[in-house]
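Novice: Let me begin by handing over the structure; questions about it come next.
The values are calculated or read from the model by the stated rules, or taken from the named source; none is laboratory data. Predicted model, so just to flag it, every value in this text is computed and none were measured. Ideal geometry is used to build each Cβ from the backbone, glycine not excepted, and the neighbour counts take in all protein chains shown. Heavy atoms of the whole protein, side chains included, go into the accessibility calculation; ligands, DNA and RNA do not. Shrake-Rupley method; radii C 1.70, N 1.55, O 1.52, S 1.80 Å.
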Amino acid sequence: MAAGALHRSIRTIQLHGGSNDSASTKEFGNSSLKFISKGFTVDVKFLSDRSHSFSHCKMHVIRAISSHASVVDPILSTSHVTTNFNQNTSIESSLILIRHGESMWNEKNLFTGSVDVPLTKRGIEEAIEAGKRISSIPVNMIYTSALIRAQMTAMLAMTQHRQKKIPIIMHDESIQAKEWSQIFSEETIQQSIPVITAWQLNERMYGKLQGLNKEETVVKYGKEKVHEWRRSFDSPPPNGESLEMCSQRAVAYFKENIEPQLQNGRNIMVAAHGNSLRSIIMYLEKLTSQEVTNLELSTGVPLLYIYKHGEFLKRGSPVGPTEYGVYAYTRNLALYRQKLDEMVQ
Ligand SMILES: O=C(O)[C@@H](CO)OP(=O)(O)O
């Protein structure tokens with residue numbers, strides 16, 4: 001569609017922030033579209049005029065913004081696109097937490113911690129089942145730990161998602177890695193979901209217990225001592241991390257990197273580990289150090305929270321027999337699922 005036609009079908013665009021700090025407004029429509037990337041926050045409003053497809057408008061606006069913004073990370077800039085169909089001014093975002101599926105050392109009942117082991121066949125099946133449970137919940141960005149069992153779980157789960165978007169691990173370990181992994185098609189970018197890997201989300205480091213059999217460790221040190229190492233908040237295993245030490249990196253990372261995305265309306269999935277997620281859930285649900293001792297997470301079972309007005313609301317039990325029974329859908333989530341249903345028809 002010609003750019004001129006685009007302008008007729010869109011009412012307002014606010015470009016502010018970013019390196020140039022320039023603000024420019026053009027005539028745009030009234031369905032809302034929000035871009036945030038590299039310091040640019042762009043509020044784009046489209047006419048309800050359906051003669052121009054929404055995605056075409058979006059693509060032209062992305063191109064217009066990309067040319068305007070000196071450095072725009074293509075996937076992140078589009079993954080920030082949140083369409084607020086129902087014009088609801090209060091932002092509501094969904095947060096999915098999922099512990100990795102069964103790993104090969106879970107199967108052998110070995111302490112794993114920071115050792116990087118893959119999923120078992122059963123763990124793969126768990127990840128796929130988890131994907132079915134969350135298949136109608138929006139995901140704009142994915143965060144995983146740096147360990148393969150969490151990354152496999154996220155990727156396998158997303159094979160079941162009805163968005164049909166493709167998760168792509170963002171490589172920024174060097175300038176070359178970032179340059180060599182660039183994508184040069186707007187359409188392909190639109191069909192991608194950025195996956196950010198962070199060591200801060202890794203499982204707690206289990207020190208001298210890593211590789212030991214859990215039952216043998218109980219025989220050697222006693223049931224009480226091992227339970228204290230495994231589930232207490234402030235007792236570290238020998239040369240390892242306590243849950244408190246783990247939370248100092250995992251929760252800090254969550255607050256600094258993930259919560260701002262939720263505040264901007266982006267829907268997030270976090271695939272991580274039993275203890276790194278226990279520390280994050282302790283923060284989300286304001287658990288005491290006593291309460292978190294009783295918190296256990298099953299492998300490969302997704303949890304759903306809704307982020308709204310700065311609060312995290314737990315939505316339903318993940319052990320429900322069906323997808324509908326698993327999560328108490330909010331109005332926005334039900335609308336989102338309805339749009340997916342309509343797209344299929
Ligand atoms: O061994 C580990 O890394 C963890 C999670 O599998 O074990 P635990 O559940 O005992 O904390």
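Novice: Suppose every K and R has +1 on its Cβ and every D and E has -1 on its Cβ; what is the size of the dipole of the stretch 92-343 about the Cα centre, in Debye to the nearest 20?
Specialist: 400 debye
Novice: At 0.36 nm per residue, minus the direct Cα-Cα distance, what do Glu179 and Ala146 gain on full extension? Give it in nm, one decimal, please.
Specialist: 9.8 nm
Novice: Using only alpha carbon pairs under 8 Å that are at least six residues apart, calculate the relative contact order of the stretch 212-345 and give it in whole percent.
Specialist: That works out to 15 percent.
Novice: Which FRET efficiency value, to the nearest 0.05, is calculated for Lys108 and Met245 with the Förster distance at 22 angstrom and r the Cβ-Cβ distance?
Specialist: Taking R0 as 22 Å, the efficiency between Lys108 and Met245 is 0.30.
Novice: On a 29 Å Cα-Cα criterion, which of the cross-link pairs Lys178/Lys255; Lys164/Lys314; Lys121/Lys308; Lys108/Lys220; Lys121/Lys178 come out too long?
Specialist: Correct reply: Lys121/Lys308; Lys121/Lys178.
Novice: Here is a further query. May I ask you to evaluate 6.51 cos²θ - 1.76 cosθ + 1.60, the Karplus curve with θ = phi - 60°, for each residue of the stretch 113-127 and list the ³J(HN,Hα) values in order in whole Hz, giving x for glycine and proline?
Specialist: x, 8, 6, 9, 10, x, 7, 7, 4, 5, x, 5, 4, 4, 5
Novice: Run the quick spin-label model on Leu212 and Lys255: label points 7 Å from Cα toward the beta carbon, then report their separation in nm to one decimal.
Specialist: The two pseudo-label positions are separated by 3.3 nm.
Novice: With a 1.4 Å probe and all protein chains left in place, how much of the accessible area of the stretch 115-246 comes from carbon and sulfur atoms, in whole percent?
Specialist: On the stretch 115-246, the fraction of accessible area on carbon and sulfur atoms equals 55 percent.
Novice: Local charge sum around Gln338 (other residues, Cβ-Cβ under 13 Å, Lys/Arg +1, Asp/Glu -1)?
Specialist: Counting the neighbours of Gln338, the net charge comes to +2.
Novice: Let me ask something additional. In terms of the Cα gyration tensor, with a ≥ b ≥ c the square roots of its eigenvalues, is the stretch 92-343 rounded because a/c is under 1.5, prolate because a/b exceeds b/c, or oblate?
Specialist: prolate
Novice: Which residues does the label zone of His227 cover in the stretch 264-298, counting backbone N under 19 Å from a point 7 Å along Cα→Cβ?
Specialist: Answer for the stretch 264-298: 275, 288-298.
Novice: Counting only DSSP beta bridges with both residues in the stretch 92-343, tell me the antiparallel percent, nearest 5.
Specialist: 45 percent
Novice: Read phi for every residue in the stretch 336-345 and hand back ³J(HN,Hα) as whole Hz from Karplus 6.51 cos²θ - 1.76 cosθ + 1.60, θ = phi - 60°, with x for Gly and Pro.
Specialist: 4, 5, 4, 5, 5, 4, 5, 5, 6, 5
Novice: On to the next question. Per residue, how much accessible area does the stretch 92-343 have with a 1.4 Å probe, in Å²?
Specialist: Here the residues of the stretch 92-343 average 46 Å² of exposed surface.
Novice: For the stretch 175-258, state which chymotrypsin sites (Phe, Trp or Tyr not before Pro) are in a DSSP loop and have at most 15 other beta carbons lying within 10 Å of their beta carbon.
Specialist: Those satisfying the criteria are Phe184.
Novice: Quick check: with the 1.4 Å probe, what order do Leu313, Leu297 take by accessible area, largest first?
Specialist: Descending accessible area places them as Leu313, Leu297.
Novice: Determine, from the Cβ-Cβ distance of Glu285 and Val115 and an R0 of 35 Å, the FRET efficiency 1/(1 + (r/R0)^6), rounded to the nearest 0.05.
Specialist: Efficiency at R0 = 35 Å is approximately 0.75.
Novice: Here is a follow-up. In the stretch 171-277, what GluC sites (Glu not before Pro) fall in a loop by DSSP, with at most 16 other Cβ atoms inside 10 Å?
Specialist: Counting only loop positions with at most 16 other Cβ atoms within 10 Å, the GluC sites (Glu not before Pro) in the stretch 171-277 are Glu173.
Novice: Distance from the Cα centre of the stretch 203-220 to that of the stretch 134-151, in angstrom?
Specialist: 27 Å
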